[in-house]
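Working notes, beginning with the structure itself.
The values are calculated or read from the model by the stated rules, or taken from the named source; none is laboratory data. It should be emphasised that the depicted structure is a prediction, and the values quoted were computed from it without experimental measurement. As a convention, Cβ positions derive from the backbone with ideal geometry for all residues, glycine included, and neighbour counts pool all protein chains shown.
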Amino acid sequence: MPATATTTQDDLDTTTAICKEMADDFRFQADDVDGMLMRGATEFARQYSGTFSFMRDMHIAALRQWLTLGQAKGVLNCMLAQVRRERLAAQPKEVVNFSGLRALFARAGAKLQRPRITLQVNGTPVTVKLMTAGGHVGSVNLQTGSFGEGVWYGRVEVNGELTASRNMTPAVHELVLELANDPVSAAKRYAHLTGNCCFCQRKLDDERSTSAGYGPVCAGNYGLPWGE
């Protein structure tokens, strides 16, 4: 398109409407970008005022000239992501009562810097921990692996709302409900399944610990009975 061509709000509105019609798993490719989508993507980039680094770069590029096909494709996929976020935010959220789990973490917090529980779903470890830094302090996070490298399933907010990521599976959701209902029983089930303590991950090597699902040290840290 010529650099002197202009875009309009109608171009953006039409492109946004197209994005809203796409399936959740759809992603734009360069071959999908026709004249209409190019105008809409360019107008979206020109109006962008957020902080996402890629879109900030596209904002500057769009103010100077038309986006390339590759740039427009990236902007359109950002528009798709925004539509999905807005759609998810509009849905009523499930509320989970994590008071029992939070009480466990509160007792352990007096002795441990980063109390956490690691359970297992279909052979995959899932770590449940209280967030003490960042933008979601007080929420309970569920993920595999370390931050930025594993799989994030979601979190239970301070008000109990469950924010599920696209990685949330029915099995992980079932684990969330199990933790809400009885976190200690969830810990015992994990121990009986793996032979490891869900708190420290160490092997349970005596009958009393195996029966309880955790050893005496973790029982003391989390304020739980042991060996009764």
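Put simply, of 104, 76, 112 the only residue that is crowded, with 21+ Cβ neighbours inside 10 Å and assigned by TED's automatic domain parsing to the domain that holds residue 196 is 104.
Each residue in the stretch 146-171 was checked for being among the acidic types (Asp, Glu) and either at pLDDT 90 or above or within 17 Å of residue 94 (Cβ to Cβ) (or both), and 2 of them qualify.
Scanning the stretch 35-73 for residues that are in contact (Cβ under 8 Å) with a residue 40 or more places away in the chain and not in a helix (DSSP H, G or I) gives 65, 66.
Residues in the stretch 18-34 that are part of a loop (DSSP other than H, G, I, E, B), farther than 22 Å from residue 88 by Cα and of a type in the set (A, V, I, L, M): 33 alone.
Name, by its number, the condition in (1) under 26 Å from the mean Cα position of the chain (by Cα); (2) among the β-branched types (Val, Ile, Thr); (3) more than 30 Å from residue 219 (Cα to Cα) that does not hold for residue 42. (1) is the only condition that residue 42 fails. Being modelled with pLDDT under 90, within 22 Å of residue 189 (Cα to Cα) and either hydroxyl-bearing (Ser, Thr, Tyr) or touching a strand residue (DSSP E or B) at 6+ places or on another chain (Cβ under 9 Å) (or both) is a description that does not apply to residue 143. The set of residues from the stretch 139-177 being outside any strand (DSSP E or B), surrounded by fewer than 16 Cβ atoms within 10 Å (Cβ to Cβ) and of a type in the set (D, E, K, R) comprises 149, 166, 174.
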